[in-house]
1. Can you tell me which residue within the range 359-372, out of those that are at pLDDT below 90 and in contact with a helix residue (DSSP H, G or I) (Cβ under 7 Å, 6 or more places away or on another chain), is surrounded by the most Cβ atoms within 10 Å (Cβ to Cβ)?
2. Mind listing just one residue for me: the one in the range 342-358 that is touching a Phe, Trp or Tyr at 6+ places or on another chain (Cβ under 7 Å) and surrounded by 20 or more Cβ atoms within 10 Å (Cβ to Cβ) and, of those, farthest from R210 (Cα to Cα)?
3. For S390, are the conditions met, namely being within 19 Å of P349 (Cβ to Cβ) and surrounded by 17 or more Cβ atoms within 10 Å (Cβ to Cβ)?
4. Of all the strands (runs of 3 or more DSSP E) wholly in the range 270-320, which have at least 1 residues that are modelled with pLDDT of 95 or more and touching a helix residue (DSSP H, G or I) at 6+ places or on another chain (Cβ under 7 Å)?
5. Any chance you could count how many residues in the range 417-455 are of a type in the set (D, E, K, R), surrounded by 15 or more Cβ atoms within 10 Å (Cβ to Cβ) and either over 26 Å from S337 (Cα atoms) or at pLDDT 90 or above (or both)?
6. Quick test of your reading of the structure: Y166 fulfils all but one of (1) in a helix (DSSP H, G or I); (2) at pLDDT 65 or above; (3) in contact with a Phe, Trp or Tyr (Cβ under 8 Å, 6 or more places away or on another chain). Name the failing condition by number.
7. Restricting the first residue to the range 404-431 and requiring it to be not assigned by TED's automatic domain parsing to the domain that holds D338, which pairs with a second residue that is small (G, A, S) and surrounded by fewer than 17 Cβ atoms within 10 Å (Cβ to Cβ) meet a Cβ separation below 9 Å and a spacing of at least six or different chains?
8. Sort out which residues of the range 47-91 are over 17 Å from V112 (Cβ atoms), part of a helix (DSSP H, G or I) and hydrophobic (A, V, I, L, M, F, W, C), and write them in order of number.
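The values are calculated or read from the model by the stated rules, or taken from the named source; none is laboratory data. A quick note: this is a predicted structure, and the numbers were derived from the prediction, not measured. Counting neighbours? That spans all protein chains shown, and the Cβs are built from the backbone with ideal geometry, glycine included.
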Amino acid sequence: MLEKYYPHEYAQNVFSIDYQKLYKKGFRGIIFDIDNTLVHHGDDSTPEIDDLFRKIQSFGLKTLLLSNNDNERVERFTKNIDTLYICDADKPDPRNYLKAVKMLNIKKEEAVVIGDQIFTDILGANRSGLASILIGFIRQDNEKWIGKRRYLEYMILGCWKHNRRYYRRIGDIYKEGADRNMKKKKQKKLFCEISPFTYEISKSKEVCKRHIKDLTGKEKFSTAKQKEKLPNVVFSYSSGLIKKGKGIDPVLQKNKARNIRLASAKINGMIIHPGETFSFWRTVGKTTKRKGYRDGRIIIGDKLMPGLGGGLCNLGNTIHLLVLHSPLTVTEFHSHSDALAPDHGKRVPFSSGTSVSYNYIDYRFRNDTDQDVQLLLWCEKGKLCGELRSEREFPHYYEIIEENHHFHKEKEKFFRISQIYRNVIDRSTGKITDKQLIRDNHSEVMYDYDQIPTELIR
């Protein structure tokens, strides 16, 4: 089953490959991916990459860029590179892989595909009957979020390394020292990368670690609730519980609404005293069938699918939006795509995109003010309603604004692009005292692309 995703070889980067060895093994053409293979996503070519292409071609190897990017992006990249290319390739569809072989005027067995993605570059090569080399994707030093799909790739790569039939089918293609470094990396492979089973074990370990950390830590968590409302409304927000539209399962939506009702009842009325931290999962608790939770929509591997307790991310969204309109301090926040469904009506930044998963993917904020705040959450008339209250007015109020909002096609996928800011406004003067970038948004669109407004596509 996994064999269709297995590469022929793996290399840390394009510079660790000895291209003369590839030529001696009978290869005459190299088919390269661009983004996160040769350069970081969206970057122009570098002098090092330009020089690499000249060296490869001097060995007698032909080159071709096979990219899902548009023509403008590829032409910009090849400004200083003399190479063939195919843009809008629709990888992993094999048609343009085979077209690339014809353009290079070589035989299939003389071509090798080099790319960073198993589910596009490598899968397409295998479907086309071409040899392939998987490259460790280029990642910026400050880039923490890599996406769940990358973790699936890690697991597949781990399985490949343990399969004698498919592991290292080309043989030694590495520069001196690169093969040794790869073996060292193999020894350091994470336990969660071996298989889906070990991934679940690792997940359970993280849950236990979170429990231990909370028990032994000095953080003071909010536990008090009261029915009486604090007098001052800091911010209020409501949203529909059930979404409708093409590709949206009404049963999962109904279950989501039920899950939200159950969880919001656990939070409603929560008092957060000065110095205390609110934790979503310490308040809600683990979602189980025994407690009445049902299957709603969850995200696994960049795909929407049924899962117990699904839909509670919507509750996290509402809480986060309330907190952003206050001086409370967000201490833990995780995000997924905020383009799970088409926008209906006016676009509201942070109306979606908050990720929670019991219990190590939590949402937390701390009350660093000098007064109590209260979190109110309830469901009525098909809506999820939320209020953040305090004992008295804060000296500032806050507004969330979004700039440069549009959609952009990258390879075969569409992404929502925007910058989301928070303005801090002095209540006495009405002047903006601070403008804070709170999210540089780059979210994969998870719904039917036909529903993307054409005027917002750039």
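1. As a first pass, look at the range 359-372 and keep what is at pLDDT below 90: 359-361.
Keeping just the survivors that are in contact with a helix residue (DSSP H, G or I) (Cβ under 7 Å, 6 or more places away or on another chain) gives 359-360.
On the way: N359: 20, Y360: 17.
It comes out as N359.
2. Quick first cut of the range 342-358, residues touching a Phe, Trp or Tyr at 6+ places or on another chain (Cβ under 7 Å) only: 342, 354, 356, 358.
When the remaining residues are screened for being surrounded by 20 or more Cβ atoms within 10 Å (Cβ to Cβ), the result is 354, 356.
Numbers: T354: 19, V356: 14 Å.
The residue in question is T354.
3. Details: within 19 Å of P349 (Cβ to Cβ): no; surrounded by 17 or more Cβ atoms within 10 Å (Cβ to Cβ): yes.
Judged against the criteria, S390 is not a match.
4. Values: elements: 270-272, 277-279, 295-300, 303-308.
By residue number, 270-272.
5. Residues of the range 417-455 of a type in the set (D, E, K, R): 422, 426-427, 431, 434-435, 439-440, 444, 448, 450, 455.
Keeping just the survivors that are surrounded by 15 or more Cβ atoms within 10 Å (Cβ to Cβ) gives 422, 439, 444.
From the residues that got through so far, the ones that are either over 26 Å from S337 (Cα atoms) or at pLDDT 90 or above (or both) too are 422.
Of the residues in the range 417-455, 1 are of a type in the set (D, E, K, R), surrounded by 15 or more Cβ atoms within 10 Å (Cβ to Cβ) and either over 26 Å from S337 (Cα atoms) or at pLDDT 90 or above (or both).
6. (1)
7. What qualifies is E410/G42.
8. Here is the first cut: in the range 47-91, the ones over 17 Å from V112 (Cβ atoms) are 47-51, 54, 58, 68-82, 87-88, 90.
So of that shortlist, the ones also part of a helix (DSSP H, G or I) come out as 47-51, 54, 58, 71-80.
Within the range 47-91, I49, V74, F77 meet the criteria.
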